[in-house]
Each structure stands twice: as structure tokens, then as C-alpha cells.
Amino acid sequence: MIKTIALTAMLAGYIGLQAQNQKPVYLNPKAPIEERVKDALSRMTLREKIAVIHAQGKFSSPGVPRLGIRQLNMDDGPHGVRAENDWNRWGEAGWTNDSIVAFPSLTCLTATWNTDLSALYGNAVSEEFAFRNKHIMLGPGTTIARTPLNGRSFEYMGEDPYLAGEMVVPYIRSAQQNGVACCLKHFFLNNQETDRFKVNVNVSERAVNEIYLPAFKKAVQRGGVWTMMASYNKWLGVHCCQHDSLLNGILKRQWGFDGVVISDWGGVNDTWQAATGGLDIEMGSFTDGKLKESEFTYNDYYLARPFEQLLKAGKIPMSVLDDKVSRVLRTIFRTAMNPDRIIGNQCSEAHYDACRQIAEEGIVLLKNTRNLLPLDTKKYSKILVVGENATRSLTKGGGSSELKTLYDISPLEGLKALYGDKIDYAQGYESGGAHYDKIDTIPVAVQTQLRKEALEKARKADIILYIGGLNKNHLQDCENGDREDYNLSFGQNELIAGLAALKKPVVVITFGGNPYATPWIDNVGALVHCWYLGSESGTALANVLSGKVNPSGKLPVTFAVKQNDYPCFAYGAEGFPGVNYEEYYREGIFVGYRHFDTRGIKARFPFGYGQSYTTFKYGRPTLSSRTITPNGHLTLTVAVTNTGKRAGKEIVQLYIGDDKASVERPRKELKGFRKIALMPGETRTVTFDITTEDLQFFSEKEHRWVAEPGTFKAYVCASSEDVRGTAAFELR
Ligand code: BGC
């Protein structure tokens, strides 16, 4: 009897001990995330819940220290991890271990049209974020390039929603596999920087659905993105950061987004709207203008004390708070407390390799008269490099995407490594630093002298490699301002024209996130556009110019002949950049090539265009059937042959056009692309699946996607203007 009692007591003690030792569910890394979320939520006080939905410093939101729940560390994005910022003040913290690899800009990635490289990018950059102990990477961005003047286009993925969506998905997936959340920017209609905090965008329901939402939707539904950054601007009169029908309606209810919506820094300005409008984490708020930043504490944030008061007064139900907190906890368990999160690494060879590979494939060869490129160095003993971008750091500047790199190889260094003493250099022009009100601040006498020096050296050279374009100064490719016009600044047009007038071979090489005017184009031998190439800039460029790498990038944006060819400029200031903070996207769905192609306006270089050092021949496309039924699909097949002497890569593009419709439709729209590698003489067959979804437009009458029966045409193209074959079919 005594024995039994003792045994039972021992057993009870043992079980008790076990229970004590057993981790609560939220700390059990093997428990399903939703159970961890529920458990953690049930243990949190009101104060703790309020704390996790707003910032505690410039780049983090707190976890729950009492419960051992980690904070969320965030950082820009999207081309590498930004230098460590001070906790509570704008400015670098001065750490010595935060130098990283700068990856190419997202326009460059998009210009590769290579989804494998997008996955490689997402993996490599997230490894750096993981190693720097960051949980949320503020990027990538899929805002559509509506205007060539947008200061932040370089951070985005071009003018076409299909291309942007296809390219962003692998980036997100491979980054998040590493336990690093992407924060997709900037949701939505943040198509310009001018008046970004105030402008109200008026845009048709059709354009919203066909142009401005699809890439975000794909990122949510196919990419499974974990966080979204809501934009500053307004839509339907409401700031996107606190926009009920956008965030709760479209994003969360319609698309099923289960992650957190983070405000752009300082994008919140109303407690009620932010609380009920679907925002989950408030970042970067300062003051309403009545206080100094130092007097405005994190407890004064709109989603802090003011929200708590509304909750306590019963004006907003606790369920609204619990939903936000659950989303934050879900994000913490997916990232900071994810047992599968990687440790990552920083500045590894693999990262520099990835950087170079993406840079090489993103460079676009736009013109190449009489095979001036690749450079036949036997022909030239004196190569003159002219232009500021040959030496300027293009990983600095640009706003929040600015990077502090361990090293960058400049174009001049890359070319010197290859051609040694044959290279001479002249700056040619100067851009100055980042000035806040104007762009050309350099005295005329200085520019004249620099130009004179360059022309003098050029007279003695055998070939001129001009390296200029845009840079990351304010009013160039930089946040919080747009370019002033479509021309290259700092007297570059005159300088290039002057060099071309010498009648020597001139190769123009430009950096920049946007298209620009090329009035000198007929007088130069070659044109190469490089976007921003990151740390391996010089090596990648030298490899392409020398022919070690055969260029294979194609444009993700249209290069128009002149600024007014872009449709956003056709309606005066109301169309861009807005009047009294009201802007009207009157061009509707006719953005980018949809406009040029449909209206028959010849582009200087069309969307999807890019040359190679080899040539490709396309066979005749064939369809698996001449008819498609609702919910059915077709297969299109086309053979492509490398008819030149070098191995190369071709981007085969599929566009679809509706012959007759009840609404005006673009002549054709991109619905598929494949990048294929071909040896000389090799032929490969490319197949595309066409579904009825590819035939739809968004009907404003029915408020839904519609495919109307009739004849459609599939266009197999080498660019949006270069149709290599068509095949017609019928939707029954
Ligand atoms: C930018 C965001 C950025 C944030 C934090 C804002 O000004 O618009 O893209 O992530 O600052 O640096």
C-alpha cells in the first residue's frame, strides 16, 4: 500500500516535472505556426499587443521580451543590406562589420528575363540579410514604370505587369525559403516620387486591374510574400497605408494575404483609418508638424497610445488588434523564430559570382553598327574612356536603397584590368553631389574645361568608350524626386555629339534606371545600357564589351524617341505629376508598349528589345489546335536556331492580341517568355501554354475578367516590335 502511494507520488512528480520542462506551444519550433500564433496571442497583455504593431526604433518593431518572443529587424533593400542605421535617428551608426555586396538594380535583373537568375538573386541577397540578423528585407518592388522620369524606377521591374510578376515570384520564394521575409513595395500606384506623400491618383478600374495590381497579386498568390509595404500616395482620396478597401478588401480578403502590411516610413497619419484600414505595423512616423522629433515618442505613434485608447473605450473591437498581432506573430515565427532560418553569409565568392552573372545578363546591347562590338583590341592601341560614370560609385546615393559595399569594381577598373595601358581616361563632365533643388549645379566654365580636355584626348584615341547616363543624385535616379526631363543631364548630349563629330568609333555606355533621349544615336557606333550593375559593375561590363560574355538582356521598358511620346505626358500636368495633388492616369491601360504598339508610335528601342553578338532565326509557330474552349488551353511551339558563330541566349516572347473586342484593347500583350541558350547552329523548340486567362480583359461593366469569343492572334516576337511569326485561333 505504502509502496503504491510512493510510486504514484513519484509518477505524479515526474509527470509534473515533464510538464514543467515542456516548452509552451509557441516556443516549440516543431508545432504548426498557427498553433504557435494562437498560443502566443493568448499569453500577451494589451500593452504587449500594442507594442508589436509599431516601431521601437528606426528599423525594428519589438517582440515580447517577457515571453522570449523575438523582435523583427528590418532593413532596406532591395539590392543589398543597407548600412546599419542609428537606433533612433537618421544616419549611419558607424559600424565596421556592415559592408556588403551590392547586387544589380531590379531593372537590371528584370532585363535578364531569366527567372533562374531571379531565384539566384533572392537567395544570395537574403543570405546577406540573414547574416546581418535582419528578418524583413524592405523590397523588392513591382511598381509599374509609368513615366521615364520616376526617381525610383531602378528599384522596380519595368513597365509590364506580366514580366514584373514572373520575375518577382522566384526572388520572393527563394529569399523566404531562407527565413527572410520580403516586403513588397510600394502598394500601390507609387509611380512617381513628386508629391509622393500627398498625390491622389485617379485611375480607371480597368487600369488598376490590368496594369497596376497584377504583379502584386502574383507576388502574393504565387510568391506567397510574407509582408507588403503600403505606399504614401492616395487612391480614391485615402492614403494607401490606411486604405480599407485596398488592404482589407483587395489584399487580405480577395487575395488571401495572411502576412503583415507595413507602412512606408512615416506614411500613417490617422489612427482610426490605420487601425481599421488594414495596416499591421506602423513604421517611421514622426509628428504631425506640431512637435519636434525628440518630443514624439514611439508611444505617440498612431497605432500606439491613441489606438489603445480607442480599444479601451470600446470604439474599435479587440478582434481588430488581435488580427494584427496574429499577423505579426506569424511573421516572427516565419522569420526570427523559424527553426529552418539560415545563418547566411556576407561577401562570399558565391555572392560576387551571382552579382556578376546577373549584371552580365542584364546589360542590353541597343545598337552595334558593323559589329563594332565585341571590341577587337588588335585594331586599337589607344582606347579613351570618357565620362563620370566610369569612376563614380553608383551603389551610393539614390535614397533608401543606398549601399555601403566592401568593394565595387568601377567600369574604368574593369576595363583597365582587361586592356591595361591601352586605356586612358577623361572625365568629360561633372555631376556634383546630391543637391536638393537643382540638377546642374556645376559652373559652366568647369563643364567647358572638362569637355575640352576630353575632346583633346579623343582626337588622339583610336576608339572612344563613353561611360555616362544617369546617376543616383537627387532629381536623377533617386528617391523623393523625379527627373526634370527626358534628356541626359550635365551637358552629356553635347559632349557625346562632340565626340561623335570626330568620326572615330564611339561606343556609348550608359547607366541608369530609366530610358532617356538619344539625339546623337545615328552618329555613334554602338550603345550599351547597363542599369546599375552593383559591386561587380566593371568586370561585368568589360566581359560584355570584350565578348567574353555575349549580351542577352532585353529592355523591360520602352525607350521612346522623345519625352512626349510617353502617354503620361499627353494630358498636361494633370496627367503627370498632378495639379493640386490630383493626378489623372488618362492613358488608362495604354502604358509602355501597349501605347506605342497600339498607336503605331515608333519607339527608339522598343520594349523587349536587345541585340546579341550572334543571330537567331525563328521557325513558324504552330498551335496544338485552332480553337480553345472556356477553361481550356493550347500549346504553341516554335523552333529557334542560333544562326551566328557564337554561343548566345535568346529571349523568345509570346504576345497575344484580340482581333475584335467590345472595348479597346492593346494590339498585343505579353503572355509568356523563355530565355534559351543556343550553341552556334543549334536549334531548340520552345513551347508556351496558352489558357483562356491569357485572353481576358477586365470589364468595367461587369467588374470582372472577361474573355470574349472570337479570333485571337499569338505573336511570337524577338521584341514588342519585332514579330517573327503569328498564329491565329478561335475562342469558342
Ligand atoms: C522609402 C521606403 C524605405 C523606407 C525605409 C522610405 O522613405 O519609401 O522604400 O523602405 O523609407 O528606409
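Run the numbers on region 314-456 and let me know its relative contact order in percent, using alpha-carbon pairs under 8 Å that are six or more apart. Please list the in-between numbers first.
Numbers: 80 pairs, mean separation 25.9, N = 143.
The value is 18 percent.
For region 616-731, calculate the relative contact order in percent as a whole number, restricting contacts to Cα pairs under 8 Å that are 6 or more residues apart.
32 percent
Just to confirm my numbers, what's the Cα centroid distance between region 392-445 and region 654-716 in Å?
Rounded to whole Å, the Cα centres lie 42 Å apart.
Whole-Hz ³J(HN,Hα) for each residue in region 642-649, computed from phi via Karplus 6.51 cos²θ - 1.76 cosθ + 1.60 with θ = phi - 60°, x for glycine and proline: what do you get?
7, 9, x, 9, 10, 5, x, 10
Once amide H atoms are built 1.01 Å from N in the peptide plane, which residues 5 or more positions from ASN200, or in another chain, come under 5 Å H to H?
Here the answer is LYS234, GLU582, GLU583, since their amide H atoms fall under 5 Å of that of ASN200.
Pull up all non-local amide H partners of GLY141: gap of 5 or more, or a different chain, and H-to-H distance under 5 Å with H placed in the peptide plane.
LYS185
Heavy atoms only, probe 1.4 Å: what % of the accessible area of region 352-605 goes to carbon and sulfur, would you let me know?
C and S fraction of accessible area: 50 percent.
As a test, work out the antiparallel percent of DSSP beta bridges whose residues both lie in the chain, rounded to the nearest 5. Each step should come with its number before you reach the end.
Numbers: 53 of 94 bridges.
Antiparallel bridges: around 55 percent, rounded to the nearest 5.
Under a 1.4 Å probe, what is the accessible area of region 200-316 per residue, stated in Å²?
36 Å²
Rounded to the nearest 10 Å², what accessible area does TRP226 have for a 1.4 Å probe in the complete protein model?
40 Å²
Name the residues whose placed amide hydrogens come within less than 5 Å of the amide hydrogen of LEU72, ignoring near sequence neighbours (fewer than 5 apart) on the same chain.
When sequence neighbours closer than 5 places are left aside, the close amide H contacts are SER61, GLY63.
Ignoring ligands, DNA and RNA, what percent of the 1.4 Å accessible area of region 136-273 is carbon and sulfur?
So the carbon and sulfur contribution to the accessible surface is 47 percent.
Just to confirm my numbers, what's the Cα centroid distance between region 34-72 and region 167-240 in Å?
26 Å
Determine ³J(HN,Hα), in whole Hz, for all residues of region 291-305 in sequence, where each value follows from phi through the Karplus function 6.51 cos²θ - 1.76 cosθ + 1.60 and θ = phi - 60°; x replaces Gly and Pro.
After applying 6.51 cos²θ - 1.76 cosθ + 1.60, I find 10, 8, 4, 5, 8, 9, 9, 5, 6, 8, 4, 4, 8, 9, 3 Hz.
Calculate the dipole size of the chain relative to its Cα centre from +1 charges on Lys and Arg beta carbons and -1 charges on Asp and Glu beta carbons; express the result in debye to the nearest 20.
Details: 86 positive and 81 negative charges, 296 e Å.
Its charge dipole is roughly 1420 debye.
Straight-line reach from LYS457: which lysines have Cα under 30 Å away, leaving out those fewer than 8 places along the same chain?
Reachable lysines: LYS367, LYS378, LYS379, LYS382, LYS396, LYS416, LYS422, LYS472, LYS503, LYS504, LYS548.
Using θ = phi - 60° and the Karplus curve 6.51 cos²θ - 1.76 cosθ + 1.60, what whole-Hz ³J(HN,Hα) does each residue of region 356-366 get, with Gly and Pro shown as x?
Karplus-based 3J(HN,Hα) across region 356-366 equals 5, 4, 5, 4, 4, 7, x, 5, 10, 8, 9 Hz.
Of all DSSP beta bridges in region 352-605, what percent run antiparallel (nearest 5)?
25 percent
Which whole-number percent gives the relative contact order of the chain, counting Cα pairs below 8 Å spaced six or more residues apart?
14 percent
Could you report the accessible area of ILE676 in Å², rounded to 10, computed with a 1.4 Å probe on the protein chains as they sit in the structure?
Per-residue accessible area (ILE676): approximately 10 Å².
Can you tell me the 0 to 90 degree angle between the C-alpha axis of helix 444-460 and the longest principal axis of the chain, rounded to 10?
For 444-460 against the chain, the angle is about 60 degrees.
Hey, got the dipole for region 352-605? About the Cα centre, +1 on K and R Cβ, -1 on D and E Cβ, debye to the nearest 20? All intermediate terms of the calculation are to be shown ahead of the outcome.
Details: 29 positive and 30 negative charges, 242 e Å.
With only Lys, Arg, Asp and Glu charged at Cβ, the dipole is about 1160 debye.
Nearest 10 degrees, 0 to 90: what angle lies between the long axis of helix 115-131 and the longest principal axis of the chain (Cα atoms)?
50 degrees
Tell me the angle of helix 537-546 to the major Cα principal axis of the chain, expressed in degrees between 0 and 90 and rounded to the nearest ten.
The angle comes out near 30 degrees.
The values are calculated or read from the model by the stated rules, or taken from the named source; none is laboratory data. This is a predicted model, so every value here is computed, not measured. In this analysis, Cβ positions are derived from the backbone assuming ideal geometry, glycine residues included, and neighbour counts consider all displayed protein chains. Surface areas here come from the heavy atoms of the whole protein model, side chains and all, with no ligands, DNA or RNA. Shrake-Rupley method; radii C 1.70, N 1.55, O 1.52, S 1.80 Å.
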